[in-house]
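Worksheet: the structure to be examined is printed underneath.
The values are calculated or read from the model by the stated rules, or taken from the named source; none is laboratory data. These figures come from a predicted structure and were not determined experimentally. Reconstructed Cβ throughout: ideal geometry from the backbone, glycine too, with neighbour counts over all protein chains shown. Calculation scope for accessible area: heavy atoms of the full protein, side chains included, ligands and nucleic acids excluded. Shrake-Rupley method; radii C 1.70, N 1.55, O 1.52, S 1.80 Å.
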Amino acid sequence: MTFDPLALITAFGLIFLAELPDKTMFASLAMGTRMRPLYVWFGTSTAFIVHVAIAVGAGSLLGMLPGMAVKLVSAALFAFGAFVLLRGGDDEDEEGGPKTVTGFWPVYTTAFMAVFISEWGDLTQITTANLAATNGWLPTAIGSALALMSVSALALLVGRFIAQRVPLKNVQRVGALCMGGLAVWTLIEAFTG
């Protein structure tokens, strides 16, 4: 197995863009306002790593199927991802009152469980499995995990700035354009490769 840096960059870019307008970014931002941001980041990052491992495992199993079938399924999943991003949706979580959670383990556990539960079947998990099936599991795992952890850190550090200055609809459109482009590219590869 060779390590493809382009696969890592592709995974990072796609997952980063797909996760920006996601509910878990808003959950990280909300938790960071009431809990220690570093503890929140450790919790969310651990949950993301577990989900990446699950997605990469599923993608590796997909990789055992015939090449054309994998590419057609991948193209369909990319197209579905583009549709979901274009459709948008206001997935902002409605958080309760201003309860403050302190201490490493309570904050870590709260952040871990919030992300772990909400990421099942999420667009980024599906995309990670899809990329692992076509681009290799290791660069996909590294790129996806780094992207998810980066978005969580970004939400905790500068989330308010993003929410006030960059319309999330624009981020969704750029992500949808990238996903749509990958769907077309994968279809071309399926029929010419």
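Of all the residues in region 1-22, those that are surrounded by 18 or more Cβ atoms within 10 Å (Cβ to Cβ) and part of a helix (DSSP H, G or I) number 11. Go through the residues of region 113-136 one by one and say whether even a single one is farther than 25 Å from Leu6 by Cα, out of contact with any helix residue (DSSP H, G or I) (no Cβ under 7 Å at 6 or more places or on another chain) and at pLDDT below 75. Within region 113-136, one or more residues are farther than 25 Å from Leu6 by Cα, out of contact with any helix residue (DSSP H, G or I) (no Cβ under 7 Å at 6 or more places or on another chain) and at pLDDT below 75.
Could you tell me how many of the residues in region 84-105 are at pLDDT 80 or above and either open to solvent by 60 Å² or more (accessible area, probe 1.4 Å) or aromatic (Phe, Trp, Tyr) (or both)? Write out each step before concluding.
Start the filter on region 84-105 by keeping residues that are at pLDDT 80 or above, which leaves 103-105.
Next cut, either open to solvent by 60 Å² or more (accessible area, probe 1.4 Å) or aromatic (Phe, Trp, Tyr) (or both) only: 104-105.
Adding up the residues that qualify gives 2.
For the subset of region 23-35 comprising residues that are in contact with a helix residue (DSSP H, G or I) (Cβ under 7 Å, 6 or more places away or on another chain) and not polar (S, T, N, Q), which member is surrounded by the fewest Cβ atoms within 10 Å (Cβ to Cβ)?
Among residues in region 23-35 that are in contact with a helix residue (DSSP H, G or I) (Cβ under 7 Å, 6 or more places away or on another chain) and not polar (S, T, N, Q), the one surrounded by the fewest Cβ atoms within 10 Å (Cβ to Cβ) is Lys23.
Residues are listed down the side, and each one gets a yes or a no for (1) over 23 Å from Ser60 (Cα atoms); (2) open to solvent by 20 Å² or more (accessible area, probe 1.4 Å); (3) part of a helix (DSSP H, G or I):
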{"position": "Thr109", "(1), (2), (3)": "yes, yes, yes"}
{"position": "Thr134", "(1), (2), (3)": "no, yes, yes"}
{"position": "Pro139", "(1), (2), (3)": "no, no, yes"}
{"position": "Gly143", "(1), (2), (3)": "no, no, yes"}
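If you go through region 119-131 and keep only what is open to solvent by less than 10 Å² (accessible area, probe 1.4 Å) and either more than 12 Å from the chain's Cα centre (by Cα) or more than 18 Å from Lys23 (Cβ to Cβ) (or both), you end up with Asn130, Leu131. Cβ separations smaller than 8 Å between residues 6+ apart or across chains give the following pairs from region 111-125 residues that are within 12 Å of Val52 (Cβ to Cβ) and of a type in the set (D, E, K, R) to residues that are at pLDDT below 85 and open to solvent by 10 Å² or more (accessible area, probe 1.4 Å): Asp122/Asp22.
If you filter region 36-70 down to residues that are open to solvent by 20 Å² or more (accessible area, probe 1.4 Å) and of a type in the set (S, T, N, Q), you find that the one that is modelled with the lowest pLDDT is Ser60. Each residue in region 117-136 was checked for being under 13 Å from Ile9 (Cα atoms) and of a type outside the set (A, V, I, L, M), and 3 of them qualify. Within region 153-173, take every residue that is at pLDDT 70 or above and touching a helix residue (DSSP H, G or I) at 6+ places or on another chain (Cβ under 9 Å) and give me the one that is surrounded by the fewest Cβ atoms within 10 Å (Cβ to Cβ). Here the residue is Leu157.
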